[in-house]
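Student: Attaching a single structure in structure tokens format; questions to follow.
The values are calculated or read from the model by the stated rules, or taken from the named source; none is laboratory data. Small disclaimer: the values here were computed from a predicted structure and weren't measured. A quick note on method: Cβ atoms are made from the backbone with ideal geometry, for glycine too, and the neighbour counts reach across all protein chains shown.
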Amino acid sequence: MSATALKTQSSPATVYLIDASIYIFQAHFSPYVEYTNRHGNELGALYGFIQFLLQFRRRTGATHVAVALDESLFCGFRHDLCPNYKSNRELPDANLAMQLVACAELCAVFGLAAFGSKIYEADDIVGTIAKRVRAETANATAINIVTRDKDLAQLLVNPRDCVWDYSGNHRRYWQDIVGDFGVTPAQIPDFLGLTGDPVDRISGVPGVGPVKAKELLKQFSSMEGIYQNLDQVGTLTLRGAQRLQAQLAEFRASAELSKRLATIACDVQDQQEAFSQVGLADLRTISISSQALRDFLSEYAFHQEDRDRILTSAAAISQS
């Protein structure tokens, strides 16, 4: 049997890559998730993330999981490229910062591999691990990216890959992205490089919206293709085509920087970054340790009735 066949035979059907910050902040800002511990400290983000992970493990029975945590706000490589990148965000206050640390600790207690970085974003962690999984399994494993962030759709490669908005229970596959956005997953960085993304303070090209960006990418495939054929843009049947050509020429540097900011790093090979070295064996889930969980809940002063309920739910998952 060939090495590729052996890999395929032993590969998990699905690897789940969780963009954790989405679900932590969703709980933190939700009016329906309010929790204070025995000392009166706000723990809504941590409590909500516990509920999310309990439900996720129970619902999926996942055997291989990686949790990606964002730790690079204002200090990552994209901020070095563009100081204005995500400048509309705020650093967490002391209480939320404490809860974020607790959420990272929680992943280990729940038997899940978790990774964070001061240089790379959660998206880059997900992208790099996805590429490593595909290489190790000869593309036999489906990658399910658990997120609400449309930008991560650029990582979809195979027909079985999807981005899963867990809260809405909505999965988008390769063809869904094409139908929803009018571009292929691989073209999303080009698309955002042209249109920009106000959520992340990515400027793009002024005057280029989704309609023009889709038409440009339909005609020229990529941003590189657009600029290699810039003299042809003015001849397109698009309204204001000549003005569009001038705009693209004037704001080329902005377009290229914007694409770079929107492109997920999938080939991180920094020995200092644990996520860049992982293999499938590192992503295998393990049983939740009841003692470790009990100690964790005691450390963060959860109320007794809540501790008991969480421990019971965790025990049921471990026994299933």
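Student: When only residues in region 28-82 that are at pLDDT 90 or above, in contact with a Pro (Cβ under 9 Å, 6 or more places away or on another chain) and in a loop (DSSP other than H, G, I, E, B) count, which is surrounded by the most Cβ atoms within 10 Å (Cβ to Cβ)?
Tutor: Out of the qualifying residues, it is ALA62.
Student: Scan region 110-161 residue by residue and report those that are small (Gly, Ala, Ser) and touching a helix residue (DSSP H, G or I) at 6+ places or on another chain (Cβ under 7 Å).
Tutor: Hits for region 110-161 are ALA113, ALA114, GLY116, SER117, ALA122, GLY127, ALA130, ALA138, ALA140, ALA153.
Student: Inspect all residues belonging to region 188-198 and state whether any of them is in contact (Cβ under 8 Å) with a residue 40 or more places away in the chain, in the same structural domain as THR128 (by TED's automatic domain parsing) and of a type in the set (Asp, Glu).
Tutor: Among the residues of region 188-198, not one is in contact (Cβ under 8 Å) with a residue 40 or more places away in the chain, in the same structural domain as THR128 (by TED's automatic domain parsing) and of a type in the set (Asp, Glu), which makes the answer no.
Residues are listed down the side, and each one gets a yes or a no for (1) assigned by TED's automatic domain parsing to the domain that holds SER203; (2) outside any loop (DSSP other than H, G, I, E, B); (3) on the phi > 0 side of the Ramachandran plot:
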{"position": "ALA255", "(1), (2), (3)": "yes, yes, no"}
{"position": "SER258", "(1), (2), (3)": "yes, yes, no"}
{"position": "GLN271", "(1), (2), (3)": "no, no, no"}
{"position": "SER276", "(1), (2), (3)": "no, yes, no"}
{"position": "ALA281", "(1), (2), (3)": "no, yes, no"}
{"position": "ILE286", "(1), (2), (3)": "no, no, no"}
{"position": "GLN291", "(1), (2), (3)": "no, yes, no"}
{"position": "ARG294", "(1), (2), (3)": "no, yes, no"}
{"position": "LEU297", "(1), (2), (3)": "no, yes, no"}
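Student: Quick one: TYR85 ticks every box in (1) surrounded by fewer than 24 Cβ atoms within 10 Å (Cβ to Cβ); (2) under 15 Å from ALA68 (Cα atoms); (3) out of contact with any strand residue (DSSP E or B) (no Cβ under 6 Å at 6 or more places or on another chain) bar one, so which box is it?
Tutor: Failed condition: (2).
Student: Going through ALA140, ALA135 one at a time, which residue ends up being without any contact (Cβ under 8 Å) to a residue 12 or more places away in the chain and out of contact with any strand residue (DSSP E or B) (no Cβ under 8 Å at 6 or more places or on another chain)?
Tutor: Just one listed residue meets the conditions, ALA135.
Student: Give me the strands (runs of 3 or more DSSP E) completely within region 131-249, filtered to those with at least 3 residues that are in contact with an Asp or Glu (Cβ under 9 Å, 6 or more places away or on another chain) and surrounded by fewer than 18 Cβ atoms within 10 Å (Cβ to Cβ), ordered by residue number.
Tutor: Filter on region 131-249 gives an empty set.
Student: Which number in (1) over 30 Å from HIS79 (Cβ atoms); (2) without any contact (Cβ under 8 Å) to a residue 24 or more places away in the chain; (3) surrounded by fewer than 21 Cβ atoms within 10 Å (Cβ to Cβ) marks the one condition that LEU280 misses?
Tutor: (2)
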